[in-house]
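For reference, the structure is listed below as structure tokens.
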Amino acid sequence: MQLAQHPDQHPHQHPERTDVLIVGAGPTGLTLACDLARRGVAALLVERAGALFPGSRGKGLQPRTQEVFDDLGVLPAVRAAGGYYPRMMSWKDGERQGEWDLMERSTAADPTVPYPDVWMVPQWRTQEILHGRLRELGGEVRFGAELTGLEQHPDRVEATLTGPDGTTRTVTARYLVAADGGRGAVRRLAGIPMAGEQVDPNPSLVADVEVAGLDRDNWHFWQDGPGGVLLLCPLPGTDDFQLLAQFGADEQPEASADAVRELVAARTHLDAAAVGAVRWASVFRPSAALAERFRSGRVFLAGDAAHIHSPAGGQGLNTSIQDAYNLGWKLGQVLLHDAPEELLDSYEEERLPVAAEVLEMSTALHRAGTVRTTRRRGARTEQLGLAYPDGPLTVEARPRPAEDALQAGDRAPDAPLDGSPAGGRLFDLFRGPHVTVLAVGRELPAVPAGVRAHRVDGEVAVGAYGRGLFVVRPDGYVGLATDDPADLPGYLARLGIR
């Protein structure tokens, strides 16, 4: 199937070869590149810009995303670079009006959920951390390389990359992953439609700014300023604030530094001189959109290339990172362990329904206008409750598990390894690119090489899982739940493990 050709190919140029070509070095592409690199998959990550994205846009990391980062080895750096969401502070006529919590904070420790609260890290810093991890793993980003042509063949993808000086080169890959955003080239060249809607006709402006004369203990909120709402949120690990301002549907906000300073002076008690450097600014209209499919032949869509979210609820970046986490291990099993090609079909079958559900939720949160009300977070917004109960890799083989019991397709919870001489927790067993078999409260059967198998008998683990045998996928979901060891070989063979 031919999708596009580029007229300026050099006829004698030898194409560069790789197993996976990833287009776009945002959080999605960087996460996928890290996951593939630790598996030993040959991958090339390209980015048309000359550097990583400079703004704070997606700053909230949900509990489930922190678990992903734990597995990828970047969570200590992420925790060191961030902080909890500060309490909101309302202002009117230059006077403080009182505090409240936008994000509920957990009040009771739960050993099955090690990172219960949303963690704030500017997006640019998250990307720097992932980029650093990728380099530790032997990978790199090729900046200034824009995808301008794409051809699909039965056994490969041929992509044309164009540099800033107009020179082109061809890259041949077994698979290509679009992580280049909602307006990226890959989805268009692959001919995959995206349907969406405008969530809010009113434009917004977001910027990263230096602000003098404002404390960093609160997220500052002016609801009644002339022209509309303005918020200034201190960004942890920096001297900057993230500014967010809303405008009327007929207004045309500007993103220049002078316009940002005038905006702050008009809507707050601060004057324009209080605003120092404006490091990044962007105007947007909140929208929601979903690609018709997430795969076309050897091309996969992930992140904003597949789904675009309103910023309400902090779901977009998190859903995107988990797309990459779902796809990475499947590519690794097919490319390195001869897993059946059908394993890759499960990416769309699992992630498209999740993206549709999250889009619906984030759109509802935006239209509900929750800025002045504490967000009642739960398993859905934390993405801990997102599961694959009807997914093609989900096998619930126990005859009658209790309705409230952990089911195949659910996230595999954490638990302390009570009684283990080395101590630790289940997430220590899961960490890495492998499949894990847990024997909870029962004997551990023999398993094939390459599978890590453990017997656990601790009270928390037994309470969280119930007694039985559980295959935990590399992305931390229960694939098989059974009481019969004879079910293990056939299921593991579907993942390329024999």
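The values are calculated or read from the model by the stated rules, or taken from the named source; none is laboratory data. Quantities reported herein were computed from a predicted structural model and do not represent experimental measurements. No Cβ is skipped: glycine too gets one built from the backbone with ideal geometry, and neighbour counts run over all protein chains shown.
Details
- Single unsatisfied condition, ARG105 versus (1) surrounded by fewer than 20 Cβ atoms within 10 Å (Cβ to Cβ); (2) modelled with pLDDT of 95 or more: (2)
- Which numbered condition PRO164 fails, given (1) over 26 Å from the mean Cα position of the chain (by Cα); (2) part of a strand (DSSP E or B): (2)
- Counting the residues of segment 297-337 that are of a type in the set (D, E, K, R) and part of a loop (DSSP other than H, G, I, E, B) gives 1.
- Scan of segment 236-269 for residues that are part of a strand (DSSP E or B), within 14 Å of MET89 (Cβ to Cβ) and touching a Gly at 6+ places or on another chain (Cβ under 9 Å), ordered by number: none
- Any hit, segment 295-310, residues being farther than 29 Å from PRO86 by Cα, in the same structural domain as ALA43 (by TED's automatic domain parsing) and touching a Gly at 6+ places or on another chain (Cβ under 6 Å): yes
- Set side by side, the residues ALA408, ALA439, ALA464 differ, and just one is in a loop (DSSP other than H, G, I, E, B), in contact (Cβ under 8 Å) with a residue 12 or more places away in the chain, closer than 19 Å to THR394 by Cα and of a type in the set (A, V, I, L, M), which is ALA408.
- Residue within segment 159-167 that is surrounded by fewer than 18 Cβ atoms within 10 Å (Cβ to Cβ) and within 27 Å of MET103 (Cβ to Cβ) present: no
- Single residue of ARG133, ARG174, ARG125 found to be within 29 Å of PRO286 (Cα to Cα), crowded, with 17+ Cβ neighbours inside 10 Å, at pLDDT 95 or above and basic (Lys, Arg): ARG125
- Residues of segment 144-158 that turn out to be in contact with a Leu (Cβ under 9 Å, 6 or more places away or on another chain) and in a strand (DSSP E or B), as a count: 9
- Check on LEU335, at pLDDT 95 or above and surrounded by 22 or more Cβ atoms within 10 Å (Cβ to Cβ): no
- Selection status of LEU335, in contact (Cβ under 8 Å) with a residue 24 or more places away in the chain, in contact with a strand residue (DSSP E or B) (Cβ under 7 Å, 6 or more places away or on another chain) and in the same structural domain as THR31 (by TED's automatic domain parsing): yes
- Checking each residue in segment 125-143 for being touching a strand residue (DSSP E or B) at 6+ places or on another chain (Cβ under 8 Å) and not in a strand (DSSP E or B) picks out THR126, HIS131, LEU134, GLY139, GLU140.
- Inclusion of LEU130 among residues that are in contact (Cβ under 8 Å) with a residue 40 or more places away in the chain and more than 16 Å from the chain's Cα centre (by Cα) is not warranted.
- Single residue of ALA281, ALA273, ALA255 found to be in contact with a strand residue (DSSP E or B) (Cβ under 8 Å, 6 or more places away or on another chain), surrounded by fewer than 16 Cβ atoms within 10 Å (Cβ to Cβ), aliphatic (A, V, I, L, M) and not assigned by TED's automatic domain parsing to the domain that holds MET361: ALA255
- Checked against (1) in a strand (DSSP E or B); (2) under 18 Å from LEU301 (Cα atoms), THR170 passes all but a single condition, namely (2).
This table checks each residue for (1) closer than 25 Å to THR65 by Cα; (2) touching a strand residue (DSSP E or B) at 6+ places or on another chain (Cβ under 6 Å).
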| residue | (1), (2) |
| --- | --- |
| ARG400 | no, no |
| ASP410 | yes, yes |
| PRO416 | yes, yes |
| ARG425 | yes, yes |
| ARG431 | yes, no |
| HIS434 | yes, yes |
| VAL437 | yes, yes |
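- Filter pass, ALA306 being at pLDDT below 95 and in contact with a Leu (Cβ under 8 Å, 6 or more places away or on another chain): no
- Hits in segment 308-327 (condition: in contact with a helix residue (DSSP H, G or I) (Cβ under 6 Å, 6 or more places away or on another chain), farther than 14 Å from LYS59 by Cα and either surrounded by fewer than 24 Cβ atoms within 10 Å (Cβ to Cβ) or polar (S, T, N, Q) (or both)): ASN326
- Qualifying residue in segment 438-451 (condition: under 26 Å from the mean Cα position of the chain (by Cα) and modelled with pLDDT of 95 or more): no
- For the condition surrounded by 16 or more Cβ atoms within 10 Å (Cβ to Cβ), modelled with pLDDT under 95 and either assigned to a loop (DSSP other than H, G, I, E, B) or not hydrophobic (A, V, I, L, M, F, W, C) (or both), PRO433 does not qualify.
- When GLY138, GLY144 are checked against the criterion of being farther than 23 Å from ALA355 by Cα, surrounded by 15 or more Cβ atoms within 10 Å (Cβ to Cβ), more than 20 Å from the chain's Cα centre (by Cα) and not hydrophobic (A, V, I, L, M, F, W, C), GLY144 stands alone in meeting it.
- LEU270 under 27 Å from MET103 (Cβ atoms) and without any contact (Cβ under 8 Å) to a residue 60 or more places away in the chain: yes
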